[in-house]
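Data first, discussion second: the structure below is written as structure tokens.
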Amino acid sequence: MKNNKNQSSLKRENKSRNVASAEASAQGESTPGTKCTIDESAKKPISIDSKYQEQIIEYKFVAELMEYLLFKNKKLEILRVHTDSFGYDLILKVDDTIRYVQLKSRLKAGKAQYWDVHKPLLKNELGRVVIIYFDIENNKLSLVYNYLELGKYKSTMRNEPKYKKDPSKYCRVCAKDLSKNRSIADVSKWLLNV
């Protein structure tokens, strides 16, 4: 009987915390242990947890690519890598074309001008680097695509990594070397020849 009372009490306490957290979020406040900012146009919290943010951007990229390919009568096969050991996030396949894709992102108005990538990815003729600039306006996430042209791979491999990483394994991609402001159609053609 005593155990049931304790469990009931814990459930009520957790429910109270969840309600308080939801109310604070709705009012634009942060509860302990959470980080959020407010999109003033939507008045809703936006997570700034970087892993969560990366996943949302990755899924939106994949969704936009799949939608584009749908109208080209093509199917996209996707394998998702759950570790960063290999230097790529996704393996994409359309027909007989396979690509190992490293995705990097930043806020469109962000300051990042460099991204570290694995050298073996650039040495692999199937490796590709896509840098996505994202923006949130009017309660909508929009993506702008940029990519490192194949002709820039050799010179990029000579760039020392931005962070204190092993220069024999990593190199730095510079924003100035990117093919910028590309549509999903441009990315599809460059990435998958479709």
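Readers should treat all values here as calculations from the given coordinates under stated rules, not as data from a laboratory. Not measured: the values here are computed from a predicted model. Please note: Cβ atoms are built from the backbone with ideal geometry, for glycine as well, and neighbour counts cover all protein chains shown.
Over region 47-192, Cα pairs under 8 Å with separation of 6+ residues give a relative contact order of 21 percent. Extension gain, ASN124 to ASP166: 0.36 nm times the residue separation minus the Cα-Cα distance gives 13.2 nm.
Taking 0.36 nm per residue of separation and subtracting the Cα-Cα distance, full extension of the segment from ASP186 to GLN113 would add 24.1 nm.
Are any of the pairs LYS75/LYS189; LYS152/LYS189; LYS93/LYS162; LYS111/LYS154 more than 21 Å apart by Cα-Cα distance, and if so, which? From the list (LYS75/LYS189; LYS152/LYS189; LYS93/LYS162; LYS111/LYS154), the Cα-Cα distance tops 21 Å for LYS93/LYS162; LYS111/LYS154.
Using 0.36 nm per residue and subtracting the Cα-Cα separation, the extra length available between PHE86 and ASP135 on full extension is 14.8 nm.
Each of MET66, MET157 was scored by other Cβ atoms within 10 Å of its Cβ. Arranged with the fewest first, they read MET66, MET157.
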